Amino acid sequence: MALSRAMQTDLNAILSETPDEARARCGRRLDAALPDMGNIALFGAGNTGREVVKRLRRAGVEPVAFIDDTPAKQGTTIDGLRVLGRQQAAEALESDATVLVTVLNPKLTFVQAQALLAETGLKAESFMLLSWLFPEEFSGLCNVMAPENVLHEKDSILECDALWADDISRDTFAMQVAWRMSLDFTRLPAPRLDDIYFPKDLDISLNPDVVFIDAGAYDGDTLGHFLDHTGGLFGRAVCIEPDPQNLARLEQSIKDQSLGHRVTALNCGLGARAGILSFNATADMSASFDTGGAVSMPVKRLADVMPAGQPVYAKFDIEGAEWDALSGSAEHVTDNNPKLAVSVYHAPEDLWRLPLLMARLLPNRRIYLRAHGVDGTDVICYAL
């Protein structure tokens, strides 16, 4: 779907196909990108690569190898696959092999990884194409759905487009939709790696007695950004982290900074209702609630942890539970009018449905969108 430069951020042009046209175009793209499913290698033998192997096997596909730049991994076997260096792979793999990039690293974009592999004669595509080919097996692994399904959401997408408070938000939104329709990574905005949750071009002025709700606190990285942003002038912070190992690092960070009574760390998740759910503890940023998780973890409602009648800035990065957390405490959110920074990239439809929800809950706030993180696809919606 080729668009002129003037049409790059025109949503009506981006969404101008019929679902049948989009389906046919995707079929052609997949045939060209993946001509031989028996000849697939994966670039990146980390957590994402291993998850892709597992799901490919469920789909009846056996990759031939991992490729990884980490010397300690080269020459080893991971999940039954040999691990090769790039040059070794170029010599060992058949000429028509397709390498699927499974590296998710803000410091190495897909375009850069593709160029690295091309230097040794290897043809590379993103593993996200597998979400088009095997939608059931790859559901939930990335924020991609088949373009024909994006088109079925056209009315909601255009409704969301009317929310944005500035041109950067409008352009960012259009580029994200264009990428979902094409998986052309050159269509994505340049990622902002240094100001996630506190964009320098937005007015995130916070009251000195603000309460910071850090949902998905990980090891305290966002808490550190909050302290820098406020200069340490805040009322208190509530950091929510369900992964036990992440929580231990978070608690150590709080102790090291002598934050004491002003910061509370909660070992729980957020959801639509209080209860106990299975949790997949990975000790990294991918930890999430999962029916197959080995750990039982309490879940609280946002209304249980967000105080009433106080200024609040709440950040949400909770691996797809953002909708449940906000909608499950909708009245509390509206009554207390917090400022929000919400991840809208964990599920494909979050890009438009979460901003629409935020606008309904907080009609007096202005709604912005900024692209951060991996390839500029870690998209955050701000209500300020």
Q: Could you tell me what fraction of 2.2 N^0.38 Å the Cα radius of gyration of segment 190-383 comes to, as a two-decimal ratio?
A: 0.95
Q: Measure out, as a whole number of angstrom, how far apart the alpha-carbon centroids of segment 352-384 and segment 43-68 sit.
A: 32
Q. What's the Kirkwood radius of the chain in Å, using all Cα pairs?
A. 22.1
Q. Of all DSSP beta bridges located in segment 190-383, what percent are antiparallel, nearest 5?
A. 45
Q) Of all DSSP beta bridges in the chain, what percent run antiparallel (nearest 5)? A) 35
**Q.** Vicinal HN-Hα couplings computed from phi for segment 212-226 (Karplus, 6.51 cos²θ - 1.76 cosθ + 1.60; Hz; Gly/Pro x)
**A.** 9, 9, 10, 8, x, 6, 6, 9, x, 5, 6, 4, x, 5, 4
Q. GluC sites (Glu not before Pro), restricted to segment 1-99: which are DSSP loop and have at most 11 other Cβ atoms within 10 Å?
A. GLU94
(Q) So for the chain, averaging the separation of alpha carbon pairs under 8 Å that are six or more residues apart and normalising by length, what relative contact order in percent results? (A) 15
Q. Among rounded, prolate and oblate, which fits segment 168-212 when a ≥ b ≥ c are the square roots of the eigenvalues of its C-alpha gyration tensor, a/c under 1.5 means rounded, and a/b larger than b/c means prolate?
A. prolate
Q: Any chance you could check the Cα centroid distance between segment 204-272 and segment 74-104 for me, in angstrom?
A: 40
Q: Would you mind estimating how fast segment 5-142 diffuses translationally, via Stokes-Einstein at 10 °C and 1.306 mPa s with the Kirkwood radius over Cα pairs, in µm²/s?
A: 99
Q: Subtracting the Cα-Cα distance from 0.36 nm times the residue separation, let me have the gained length for GLU91 to ARG28 in nm, one decimal.
A: 19.8 nm
Q.
Can you compute the FRET efficiency between THR76 and LEU158 using 1/(1 + (r/R0)^6), with r the Cβ-Cβ distance and R0 = 35 Å? Round to the nearest 0.05.
A. 0.10
Q. Treating the beta-carbon of each Lys and Arg as +1 and of each Asp and Glu as -1, no other charges, what is the dipole magnitude of the chain about its Cα centre, to the nearest 20 debye?
A. 340
Q. How large is the charge dipole for segment 68-144, taken about the Cα centre, if only the Cβ atoms of Lys, Arg (+1) and Asp, Glu (-1) carry charge, to the nearest 20 debye?
A. 260
Q. Once the piece of chain linking ARG236 and ILE276 is laid out straight, how much longer is it, given 0.36 nm per residue of separation minus the C-alpha distance between them?
A. 11.7 nm
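What pairs from LYS73/LYS123; LYS154/LYS200; LYS73/LYS200; LYS255/LYS315 go past 29 Å between their alpha carbons? Display every interim value, and only then the final one.
On the way: LYS73/LYS123 22 Å; LYS154/LYS200 31 Å; LYS73/LYS200 39 Å; LYS255/LYS315 22 Å.
Too far apart for the 29 Å limit: LYS154/LYS200; LYS73/LYS200.
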Q. Antiparallel DSSP bridges in segment 1-152: what percent, to the nearest 5?
A. 20
Q. In deg cm²/dmol and to the nearest 500, what is the mean residue ellipticity at 222 nm of the chain if only DSSP H runs of at least 4 residues count, each as -39500 (n - 2.57), divided by the residue total?
A. -10000 deg cm²/dmol
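FYI, it's all coordinate maths here, none of it is from the lab. Quantities reported herein were computed from a predicted structural model and do not represent experimental measurements. Neighbour counts run over all protein chains shown; Cβ positions are idealised from the backbone, glycine included.
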